[in-house]
Amino acid sequence: MAYINENYINLNSNYLFSTISKKIKEFREKNPNSKVINLGIGDVTKPINKYSIIAMNKAVKELSSEKTFKGYGPEQGYEFLKSKIIEYDYAKKNIDILLDEVFISDGTKSDISGILDIFSKKNKIAIPNPTYPVYFDSNILKGNGGKYLKETRSYENIYYLNCNENNNFIPDIPEQKIDIIYICNPNNPTGVTFTKEHLEAFVSYALKNNSIILYDNAYEAFIQEKNIPHSIYEIKDAKKVAIEFRSYSKTAGFTGIRCSYFIVPKQLKIYFKGKPTLLNDLCKRRQSTYFNGASYISQKAAASIYSNKAQNIIQSNISYYMKNAKILNKFLKSKNIKTYGAINSPYIWMKIPSEIDDWEFFDILLNKYSIVGTPGIGFGSNGKGYFRFTAFGKKQDYIKAISLLSDYFD
Ligand SMILES: *Cc1c(COP(=O)(O)O)cnc(C)c1O
């Protein structure tokens, strides 16, 4: 008989997106002539820039000839991509990264959950609330949660970094000793960003406590304002405490291509019986055991995004999304609705303006206006009373949505 990993039984299913899909389906059946305006899309909609398409075509062609064929590549990724990352994403910001500090992979979702394999189940883990659900779920599935405490409906090893109106959704540093800290900056779902000072406080906490920061930087390319760090390594000594994760998914529309990377600096140490070990060595060990490398084609595509020509298209796609965010945010603000985000990220996090609950608000938007967004409660208990819109849709949908909603908020 085979036994199941019981954590799969214990973790509540995330009903959020399936509930949303079900509600949309029911609405469509009842209103076959009404077009749903989806402002909840968590995926990019703009096609991939033509220079990456050319690069992928070329890579495919190479695979078709015996002379240029590529089989397994290096588990940590090809040097042609790693050197571009070092040059454009780091050296330009005066950050030195070594070739073997870069790990190329197929997505931040798998990277940030897979890395947990290296860590003990004894760690105390700080997760933002509200959060990108992967951080919490992957820890529970791996058995890192510890005992489930029924009274408080929480896990003994999980510490919530509470984000709410009082701290403008930027968490305070933990009040107890934490071993692993998740930071998502710019944030999904709230769209807010840490300033340099906020990030310095977390790095300084981590240095003091020998904690490790898992820094999810998937939305770096959306940063518009000057004082927002583009990398955690802009903070002094952050290399001693932080792993930075980046993805081509949102940056370059690669959600379907799959390519990402993470940086594990050689200064980053982890302790076994008080003795320091290089985390980088353990990551290499893990990567080469579980992974045979991201595809040659997707790595060639990723390397192609750094040219000026490709960057022009990529930046114009990002501007398009950010204009959507601006249109919606400006409208909500004009109706005196409290919003967060929308400036350095493709997310608009709004406070629901009356005493109705998240799902009631969802139902009103859908049934009265054919508009879809995401109830904040789906991202954690502190999301209650909030609603997330994304900027990944079409401009005309945002314009239509604000004209429809104009009377509702009056
Ligand atoms: C979209 C997203 C990612 C990217 O995941 P990939 O697996 O690289 O597509 C990572 N983190 C957050 C918070 C995201 O929203």
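The values are calculated or read from the model by the stated rules, or taken from the named source; none is laboratory data. Note that the structure is predicted; figures quoted are calculated from it, not measured. Quick reminder, even Gly has a Cβ in these numbers, built from the backbone with ideal geometry, and neighbours come from all protein chains shown. Just the protein is used for accessible areas: all its heavy atoms, side chains included, with ligands, DNA and RNA removed. Shrake-Rupley method; radii C 1.70, N 1.55, O 1.52, S 1.80 Å.
Data overview
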item: Cα centroid separation - segment 8-22 against segment 126-141, whole Å; result: 14 Å
item: Charge context of Leu11, other residues only, Cβ under 11 angstrom, K/R +1, D/E -1; result: -1
item: Solvent-accessible area, 1.4 Å probe, carbon plus sulfur percent, for segment 74-125; result: 47 percent
item: Net charge, Gln267 excluded, C-beta distance under 9 Å - Lys, Arg +1, Asp, Glu -1; result: +3
item: Nearby aspartates and glutamates by direct alpha-carbon distance to Lys70 (threshold 18 angstrom, same-chain neighbours under 8 apart not counted); result: Glu62, Glu79, Asp106
item: Computed magnitude of the charge dipole of segment 255-410 (debye, nearest 20; Cβ of K, R +1, Cβ of D, E -1); result: 1020 debye
item: Largest-first principal axis extents, alpha carbons of the chain, Å; result: 60, 56, 55
item: Cross-link pairs Lys323/Lys351; Lys121/Lys300; Lys239/Lys326; Lys121/Lys269; Lys124/Lys284; Lys240/Lys284 - those with Cα-Cα distance over 28 Å; result: Lys121/Lys300; Lys239/Lys326
item: DSSP bridge orientation in the chain - percent antiparallel, rounded to nearest 5; result: 55 percent
item: Added length on full extension, which subtracts the Cα-Cα distance from 0.36 nm per residue, Arg286 to Lys23; result: 90.6 nm
item: Neighbour net charge for Phe291 - beta-carbon separation under 9 angstrom, K R +1, D E -1; result: -1
item: For segment 197-338: accessible area per residue (Å², 1.4 Å); result: 44 Å²
item: Charge dipole (the chain, unit charges on Cβ, about Cα centre) - positive-most of Phe194, Thr251, Leu282; result: Thr251
item: Selection of trypsin sites (Lys or Arg not before Pro), segment 131-223, meeting DSSP coil and at most 15 other Cβ within 10 Å; result: Lys147, Lys150, Arg153, Lys177
item: Two-site label geometry, Lys93 and Asn31: point separation in nm, points 7 Å out along Cα→Cβ; result: 4.2 nm
item: Simple Cβ-charge dipole of the chain, Lys/Arg +1 and Asp/Glu -1, about Cα centre, in debye nearest 20; result: 740 debye
item: Dipole magnitude (debye, nearest 20) for segment 119-277, charges at Cβ of Lys, Arg, Asp, Glu; result: 860 debye
item: Dipole of the chain, positive end: most advanced residue of Phe362, Leu81, Ile223 [Cβ charges, Cα centre]; result: Leu81
item: Protein accessible area in segment 280-351, 1.4 Å probe - carbon and sulfur %; result: 51 percent
item: Most to least packed among 93-100, 368-375, 1-8 [average Cβ atoms within 10 Å]; result: 368-375, 93-100, 1-8
